[in-house]
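Student: Pasting a structure here, questions to come.
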Amino acid sequence: MDTTTIISLAVVALLLGWAVVIYNQLVALSNRYQNGFAQIEVQLKRRYDLIPNLVETTKGYLLHERETLEAVVNARNAAASALDALGSGSINAEGIQTLSGAENALGAALGKFSVVMEAYPDLKASANVQQLNEELASTENRVAFARQGFNDAVMSYNTYRQSFPNLLIANRFGHTEDAQLLEFDDSEQIQEAPKISFT
């Protein structure tokens, strides 16, 4: 073999090695954000299981608030359906947006439900309601934490996939679209520092 052939083979081997490294990193980053979504899924399912218990526990107190109770149950069912659709293994932008919209509707329904509960002092004093509210608040914190991890993993994947020359390999091997961030209506509120007043 002459020197030119050896150099050509070395360059080809280097290019193939470089492509394999980029491809493997894309797969690792993709798996990381999919695992992040699985963590969100666990916490959301826990929350969806708690909501019917809370509604059932408060039903006796809130006889005149049937519309509010039904809104919470319907929003919970819509969000659970959106999550189930995504849980089939295809985390796509449309499914993430559907879940985000359903979660926003559920958050609004739960917010109205909380306001209604404030008007019933006996209900607020109930040990069962207090325990369910604490579990729900704890689960909300876990959802927020899992969502942050998922969105961080999505950003890492998107940044790596969009970078040059990685983009050339990504497009060639099926990594053609960015992963979608999961954002809820409270995203802006989370970014703002809480306002504390001692007056």
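Student: Could you list, in sequence order, all residues of the range 27-50 that are surrounded by 15 or more Cβ atoms within 10 Å (Cβ to Cβ) and of a type in the set (Gly, Ala, Ser)?
Tutor: Ser30, Gly36
Yes or no, residue by residue, for (1) more than 16 Å from Leu182 (Cβ to Cβ); (2) modelled with pLDDT of 80 or more; (3) in contact with a strand residue (DSSP E or B) (Cβ under 7 Å, 6 or more places away or on another chain):
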residue: Ser88; (1), (2), (3): yes, no, no
residue: Gly95; (1), (2), (3): no, yes, no
residue: Ala102; (1), (2), (3): no, yes, no
residue: Lys112; (1), (2), (3): yes, yes, no
residue: Glu118; (1), (2), (3): yes, yes, no
residue: Pro121; (1), (2), (3): yes, no, no
residue: Glu135; (1), (2), (3): yes, yes, no
residue: Ser138; (1), (2), (3): yes, yes, no
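Student: Could you tell me how many of the residues in the range 12-26 are more than 12 Å from Ala170 (Cα to Cα) and among the aromatic types (Phe, Trp, Tyr)?
Tutor: Total meeting the criteria: 1.
Student: Sticking with this one: Conditions: (1) over 18 Å from Lys45 (Cβ atoms); (2) free of Cβ contacts under 8 Å to residues at least 60 places away in the same chain; (3) not polar (S, T, N, Q). Ala144 meets all but one. Number of the miss?
Tutor: Failing condition for Ala144: (1).
Student: Filter the range 57-74 for residues that are loosely packed, with under 14 Cβ neighbours inside 10 Å and over 22 Å from Asn104 (Cα atoms) and give the result.
Tutor: Lys59, Gly60, Leu63, His64
Student: Further, regarding this structure: What number goes with the only condition from (1) under 16 Å from Phe150 (Cα atoms); (2) touching a residue at least 12 places away in the same chain (Cβ under 8 Å); (3) in a helix (DSSP H, G or I) that Val27 does not pass?
Tutor: The single condition Val27 does not satisfy is (2).
Student: Now, a different point. Could you go through the range 69-90 and let me know if any residue there is small (Gly, Ala, Ser), without any contact (Cβ under 8 Å) to a residue 40 or more places away in the chain, assigned to a helix (DSSP H, G or I) and touching a Phe, Trp or Tyr at 6+ places or on another chain (Cβ under 6 Å).
Tutor: The answer is yes, given that some residue of the range 69-90 is small (Gly, Ala, Ser), without any contact (Cβ under 8 Å) to a residue 40 or more places away in the chain, assigned to a helix (DSSP H, G or I) and touching a Phe, Trp or Tyr at 6+ places or on another chain (Cβ under 6 Å).
Student: How about the range 105-185: which helices (runs of 4 or more DSSP H) wholly inside it have at least 1 residues that are crowded, with 16+ Cβ neighbours inside 10 Å and within 17 Å of the chain's Cα centre (by Cα)?
Tutor: 127-162
Student: In addition: Can you tell me which residues in the range 45-61 are assigned to a helix (DSSP H, G or I), hydroxyl-bearing (Ser, Thr, Tyr) and more than 16 Å from Glu140 (Cα to Cα)?
Tutor: Thr57, Thr58
To keep it simple, each residue is scored yes or no on (1) in contact with a helix residue (DSSP H, G or I) (Cβ under 8 Å, 6 or more places away or on another chain); (2) on the phi > 0 side of the Ramachandran plot; (3) touching a residue at least 40 places away in the same chain (Cβ under 8 Å).
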| position | (1), (2), (3) |
| --- | --- |
| Ala93 | no, no, yes |
| Thr98 | yes, no, no |
| Glu103 | yes, no, yes |
| Ser114 | no, no, no |
| Ala127 | no, no, no |
| Leu132 | yes, no, yes |
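The values are calculated or read from the model by the stated rules, or taken from the named source; none is laboratory data. Bear in mind the structure is a predicted one, so any value in this text is a computation, not a measurement. Heads up, the Cβs are rebuilt from the backbone with ideal geometry, glycines too, and the neighbour counts pull from every protein chain shown.
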